[in-house]
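*Asks:* Here it is, the structure in full.
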Amino acid sequence: MLVPTSARLIVGEASVLPFTKRAFDFVYASHILEHVEDPDQACREIMRVGAAGYIETPSPFLEQGLAIGDESSPAHWFHRWFVFSLGSNQLVFEPKSVEEVAQFCPCGDGQFLREFYAAVDFREAQHCFRRTAKTTIFYWKSSFQVEVRHRMVDCRQDGRPCRFAGMRHALVSNCNNLLRARRMRRLTQCFPEVREIFRKFGQYSLLVH
């Protein structure tokens, strides 16, 4: 790492940051929180040292798509969490494990994603999607709420939102983006079953249909 002579590099743990309260006006935490053992503590530390900030992680849409059916590859298992936001002020963590990756909520959103992943080779299909579909982007000011779950939430049984509603929104929104028309044509040409899955679940897309 090249550090400018005018800067100071400090190495520390995300869960015990070596800074005083409100030491920074803005905290930038990019592709960190999916790795930590205790995301609740790491988030509390981020809020302690900063007045506002930006958090970015891989999205559940990308994480689950790449890992499903590839249990033996270590490349997909050094991330510990699915990270997603609920509303503008809550960040949610669900464990990412071989068992959890294979789970889908029985709601319509979960089953739509289950069939979509089964219809594509996601390692290839991922290149058809925008960065916004493949990342969780979260801005906060002053503080935010953190929920750390011990398993996938079944929204029908638990009465809490599952991660699949956001994943479905990311997928469908991407497929309606006119700037991605060429890549959407590539997606449906390589994986023609995608059209039928969208129709089956009533997910209209101008570019897919």
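*Asks:* Counting only residues that are among the hydrophobic types (A, V, I, L, M, F, W, C) and not in a loop (DSSP other than H, G, I, E, B), how many does segment 83-114 have?
*Replies:* Looking only at that region, the number is 9.
*Asks:* Tally the residues that are buried (at least 19 other Cβ atoms within 10 Å of the Cβ) and either of a type in the set (S, T, N, Q) or out of contact with any helix residue (DSSP H, G or I) (no Cβ under 9 Å at 6 or more places or on another chain) (or both), restricting the search to segment 86-113.
*Replies:* Looking only at that region, the number is 1.
*Asks:* Among the residues of segment 41-80, which ones are in a helix (DSSP H, G or I) and either over 24 Å from residue 105 (Cα atoms) or open to solvent by 70 Å² or more (accessible area, probe 1.4 Å) (or both)?
*Replies:* 41, 42, 43, 44, 45, 46, 47, 48, 49, 74, 75
*Asks:* With the condition kept exactly as written, say whether any residue in segment 173-195 is under 23 Å from residue 90 (Cβ atoms) and open to solvent by 40 Å² or more (accessible area, probe 1.4 Å).
*Replies:* Within segment 173-195, one or more residues are under 23 Å from residue 90 (Cβ atoms) and open to solvent by 40 Å² or more (accessible area, probe 1.4 Å).
*Asks:* Does any residue in segment 115-142 that is closer than 23 Å to residue 104 by Cβ come within less than 8 Å, Cβ to Cβ, of a residue that is open to solvent by less than 60 Å² (accessible area, probe 1.4 Å) and acidic (Asp, Glu) six or more places away or on a different chain, and which pairs are these?
*Replies:* These pairs meet every condition: 135/56; 136/56.
*Asks:* Out of the residues in segment 156-190 that are of a type in the set (Gly, Ala, Ser) and out of contact with any helix residue (DSSP H, G or I) (no Cβ under 8 Å at 6 or more places or on another chain), which is modelled with the lowest pLDDT?
*Replies:* 181
*Asks:* I'd like the full set of residues that are modelled with pLDDT under 95 and charged (D, E, K, R), limited to segment 125-155.
*Replies:* Residues satisfying the conditions are 130, 131.
*Asks:* If residue 83 satisfies every condition in (1) surrounded by fewer than 19 Cβ atoms within 10 Å (Cβ to Cβ); (2) of a type outside the set (Asp, Glu); (3) within 16 Å of the chain's Cα centre (by Cα) but one, which is the exception?
*Replies:* For residue 83, the failing item is (1).
*Asks:* Which of the residues belonging to segment 12-30 are loosely packed, with under 15 Cβ neighbours inside 10 Å and out of contact with any strand residue (DSSP E or B) (no Cβ under 6 Å at 6 or more places or on another chain)?
*Replies:* 12, 13, 16, 18, 19, 20, 21, 22, 23, 25
*Asks:* Separate question: Would you say residue 82 is within 26 Å of residue 144 (Cβ to Cβ) and touching a residue at least 40 places away in the same chain (Cβ under 8 Å)?
*Replies:* Here the answer is yes, as residue 82 does meet what is asked.
The values are calculated or read from the model by the stated rules, or taken from the named source; none is laboratory data. Computed from a prediction, not measured in an experiment: that's the story for all the values here. As a convention, Cβ positions derive from the backbone with ideal geometry for all residues, glycine included, and neighbour counts pool all protein chains shown. These area figures cover heavy atoms from the full protein model, side chains too; ligands, DNA and RNA do not enter into them. Shrake-Rupley method; radii C 1.70, N 1.55, O 1.52, S 1.80 Å.
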